[in-house]
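K.L.:
Quick one: this structure, given as structure tokens, is what I'll be asking you about.
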Amino acid sequence: MKRIPLALAFVLALGGSAALALSPVNKSFFGGVAIEGTDPVAYFTEGRPVAGSKEHVFEWRGATWRFASAAHRDLFAADPEKYAPRYGGYCAWAVSQGYTAGIDPEAWTIHEGKLYLNYDLKVQARWSADIPGNIAKADANWPELAAAE
């Protein structure tokens, strides 16, 4: 079953249009928390997604990033581009196809030192079938998608 992002459901419930401006970071509609509150540094240091804490946050690119520890927050603050997921934390497969979609923090890949997130594990399997090719397509699509903000 496909998930409808909370922001989209809210807009549609109010009778509005689904054509929302794209945020440069995939964040929650209420609270502006990036990548569903998952600590982006943990993917690199622990090899798995870890929930971030409201006690350890950092504001970057208009979003609140949460971290499991102050040490992770400090690593991110020193070099956000190193730890932040590519394509603003939107689904990398979707970006390779020319659109954006939300993510499941459990569907992730680190390739050549960069974090990529996907909508779900099924989509991640598609992404993983040709990571270099999908990165090339996503890199070509991202500037136009990001400009839609």
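K.L.:
GluC sites (Glu not before Pro) within segment 52-147: which are DSSP loop residues with at most 16 other Cβ atoms inside 10 Å?
P.N.:
Glu112
K.L.:
From the square roots a ≥ b ≥ c of the eigenvalues of the alpha-carbon gyration tensor of segment 6-147, which class results: rounded (a/c under 1.5), prolate (a/b over b/c), or oblate? Can you show the working numbers first?
P.N.:
Numbers: a/c = 1.70, a/b = 1.09, b/c = 1.55.
Here segment 6-147 falls in the oblate category.
K.L.:
Rank by packing, highest mean first: peptides 118-125, 60-67, with packing defined as the count of other Cβ atoms within 10 Å averaged across residues.
P.N.:
On the way: 118-125: 17.4, 60-67: 20.4.
Order by mean packing, descending: 60-67, 118-125.
K.L.:
With only Lys, Arg, Asp and Glu charged, each at its Cβ (+1 for the first two, -1 for the last two), find how big the charge dipole of segment 6-147 is about the Cα centre; round to the nearest 20 debye.
P.N.:
Result for segment 6-147 is approximately 160 debye, rounded to the nearest 20.
K.L.:
Once Lys and Arg get +1 and Asp and Glu get -1 on their Cβ, which of Ala136, Gly52, Ile103 lies farthest toward the positive end of the dipole of segment 6-147?
P.N.:
It is Ile103.
Where a number appears in this text, it was derived from the coordinates with a stated rule and is not lab data. What you see is a predicted model, and the numbers here were worked out from it, not measured in a lab. Reconstructed Cβ throughout: ideal geometry from the backbone, glycine too, with neighbour counts over all protein chains shown.
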